[in-house]
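These notes concern the structure reproduced below.
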Amino acid sequence: MSRTATARGLSLGTAVIALLAAPSIVYAQEAPQAAQADDDNMYGAIIVTAQKRAAKINDVPMSITAASGDQLTKLGVTDATQLTKVVPGFTYNESAYGTPVFTIRGVGFQETSLGASPTVSSYIDEVPVPFPAETLGLALDLERLEVLKGPQGTLFGSNSTGGALNYIAGKPTSKLSAGFDGSFGSFNTLDLQGHVAAPLGETLGIRIAGRYTRGDGWQKSQTRPGDRLGSKDFLQGRFLLVWEPTSNWRTTLNLTAQRDHSESVAPQYYQFVALNDGPLIPDGFRNFPRAPQDNRVSDWDPGVSFRRNNRFYLGSLRNEIDLGEAAHITSITAFERFRRFQPVEGDGTPFNDYRAESFGKINTFYQELRLDGKIGALSYIVGGNYEYDYVDDNTVQYYTQSSSASVFGIPLGPTRPNTQQRLRTYGVFANVDYEINDQFTAHGAVRFTQANRQLLYGCGQDIDGSWGLVSQAIQAYIHTLRGEPATSTPVPVGGCGTINLANVQPEGARDKLNENNISWRAGLDYKPSRDVLLYLNASRGYKAGSFPTLAAATTRQFEPVVQESVLAFEAGAKITAAGGRVQANGAVFYYDYTNKQVLGRIPDIAFGPLPALVNVPKSRIWGAELDLTLNPVDGLRLRPAVTYINSRIGDGFVNFDSFGVQGDFGGEPFAYTPKWQANVDAEYSFPVNEGLDAFIGGNMLYYGKTNGAFGQFPSLDIDAYTTFDARVGVNAHDDKWRFQVWARNLTDKYYWTSAFRVNDSINRYPGNPRTFGATLSFRY
């Protein structure tokens, strides 16, 4: 069936649902709020939709971290890259090509391609935003954010082996309301966010939200005084319309747009390591000084713009029909479009050892139709969904002063790795919860997924004719090694120079990867009282296979990795004590990991080991986490959390390290997976007078030592670090307004979040420097 036909058929299903409702008129209802998250004694009353239906967080048998939009604003969390402050076990790192990587409990995918499906999936009001490059603007005007840990494949799809980030947008209200948050801070950073919500008659409600962030460059050039990088220029908006023509029918329209003209930041140069040493590498680069231990100092190619031009558009339509307690129908239809132009500094020096311009596009169509309800002691959800993605991923690479600038004595100009992929994913799922008695509840879920991924075209394209000449030389070399005449096929300017080893011809790779799987979950809850929940869960989740985008000399580098799976076991407890003054959530977990997908290397006939996706046959993770909410006295709130993760690659996994040396990496921990993480947020508030309260608070984050690649080389270490934030302010007793001044990374701790090798250098992405600022918030 064609995509158009599928879309029409599914949209027709949405229309049929709409016709089931009988006409009547009701007032637009105010959406369930999660503002209780800020009530120090009401943690257990937080409402979440982690199971695709509303439930109290203390009644949901899984590890969840939930935070209201107001909490995130108070802590300065503006996007997913800063969630380490509030989510134990969550990590973020910037990749060498600008694609963010999210990891939960050690389950992540260290891949840089635009079309790389993550292990931690992101949703806005249950609409999937399938690729990490699209997700950085999802925190606009949030009612709350839910972070689900562990495989979520039964309800959230096949690419949720690590967990899911579920963003819940603010909804229209039954009366006029508005909000504004304005911040000004270091580097002339201005962050303005606001929303207006109102009824438009008895059956229609609207909410409009927007955000604008701008700031000066915060990075300083190591060699050019006064040269700055890292300016911010981010604009986004959302139009949300809710129509309730009857008491049992609700339609929600969400239109979202954003554009990012910020500058990409530069990594810090750490060490010279030649890929293929030669005379083209300048002495200045060989002897370039290591970046100082200062988060702000780096370097980049002079006279080059690193300003992005990224754009994202989302439109979704949600229809809900309530047919009584036994049946509730939900249809979700969504279209998404992402366009990227993102220059990236690769080596952190003023020399052109490596620089790239990543550009491309993603188009997505999504449709879900499900039925849920409760019949006696049985609650159920059944449904299906379909997703279509088209990804065109390109990177123009510049390396005129590197060891890669000459191959077989032929000068090599810029090249353009390119892939075009089509993804079709079909899923059907069912979830049941059965209340055995007042204390025990059994859970079961299953999902069948068919994931069809097609590499329409994969190629290292010529730009100026030089790569074509190199390709011809490689063809002749391959023929010679095979004892054949040293012939070659010319490559035209702009043509494909990647060589098919089967026929030794320059041609693009084309391939298909069709896979299916059955995800499942089984669990048992024990609730001896309303304040205690104990649970046991077992689940299996899958992440679909993938084709990479990389500089490929031969089509072998475009061979895909097959799907990975995680068999997870978790035991946990959620306990409320001392009259609500203590909330304790804890869990222990064990993950049996099969075919973990990683970016490794394979041997190339001309260049030696080159990047490629590979599967790690066996690996495992075990660990524990504990987070508390404490209110020992009125006005004082403490939220400590700690996570321990022990990860291990299975014995006998042989691949290549970042320096091209083959080795057995069995027994090593995962990259970017520290054993220990901890955070503490504390705040004390007290009345100043009858209408005014004051508060003082702070946040501590500890991130343990880890490493950025196979081999555990010291040069790729990511050292442990601890940062502190502080805030002090006043607010109206009725929370109508708040003013606070804040400091982030108060001690100006020097740290880095990633370490990697690109071409002839080892580099690190520095953390954020110390910043100061103030925030004024109003609510009406």
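Every number in this text was worked out from the coordinates using simple rules, so none of it is lab data. What you see is a predicted model, and the numbers here were worked out from it, not measured in a lab. Methodologically, a virtual Cβ is constructed for each residue, glycine included, from the backbone with ideal geometry; neighbour enumeration extends over all protein chains shown.
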Where the only charges are on Cβ atoms (+1 Lys, Arg; -1 Asp, Glu), what is the dipole of segment 432-517 about its Cα centre, to the nearest 20 debye?
400 debye
Residues Val304, Val491 arranged by fewest to most Cβ contacts within 10 Å:
Val304, Val491
Top positive-direction residue, dipole computed over the chain with Cβ charges, set Gly278, Pro674, Gly460
Gly460
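Sort the following peptides by mean Cβ neighbour count (other Cβ atoms within 10 Å, averaged over residues), highest first: 111-123, 131-143.
Order by mean packing, descending: 111-123, 131-143.
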With unit charges on the beta carbons (Lys and Arg positive, Asp and Glu negative) and the dipole taken about the Cα centre of segment 498-655, which residue among Ala578, Leu533, Leu636 sits farthest to the positive side?
Ala578
Enter the angle in degrees (range 0 to 90, nearest 10) between the Cα long axis of helix 466-481 and the first principal axis of the Cα atoms of the chain, meaning the one along which they spread out most.
70 degrees
Can you give the FRET efficiency for Ala178 and Val688, using 1/(1 + (r/R0)^6), R0 = 22 Å, r = Cβ-Cβ distance, to the nearest 0.05?
0.30
Acute angle (nearest 10 degrees) that the helix 3-18 long axis makes with the longest principal axis of the chain, alpha-carbon atoms:
0 degrees
Around Ala198, under 10 Å between beta carbons, what's the net of Lys plus Arg minus Asp minus Glu among the other residues?
+2
Under a Cβ-Cβ cut-off of 9 Å, what is the net charge of the residues other than Asp59 that fall near it, where Lys and Arg count +1 and Asp and Glu count -1?
+2
Given the pairs Lys171/Lys361; Lys85/Lys543; Lys149/Lys675, which span a C-alpha to C-alpha distance of over 20 angstrom in this model?
Lys171/Lys361; Lys85/Lys543
Taking the Cα centre of segment 306-447 as the origin, how large is its charge dipole in debye, to the nearest 20, when only Lys and Arg (+1) and Asp and Glu (-1) carry charge on their Cβ atoms?
800 debye
Order of Arg620, Arg308 - criterion: other Cβ atoms within 10 Å of each residue's Cβ, fewest first
Arg620, Arg308
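If Lys and Arg each add +1 and Asp and Glu each add -1, what is the summed charge of the other residues whose beta carbon sits under 13 Å from the beta carbon of Lys374?
Every neighbour counted, the sum reads -4.
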Would you mind putting 231-237, 757-763 in packing order, based on average other-beta-carbon counts within 10 Å, highest first?
757-763, 231-237
With 10 angstrom as the radius, rank Lys574, Lys736, Lys675 by how many other C-beta atoms surround their C-beta, starting from the fewest.
Lys736, Lys675, Lys574
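What dipole magnitude, in Debye to the nearest 20, does the chain give about its Cα centre under +1 on Lys/Arg Cβ and -1 on Asp/Glu Cβ?
540 debye
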Charge dipole of the chain built from unit charges on the beta carbon (Lys, Arg +1; Asp, Glu -1), centred at mean Cα; most positive-end Cα among Tyr123, Val396, Gln597 is Val396
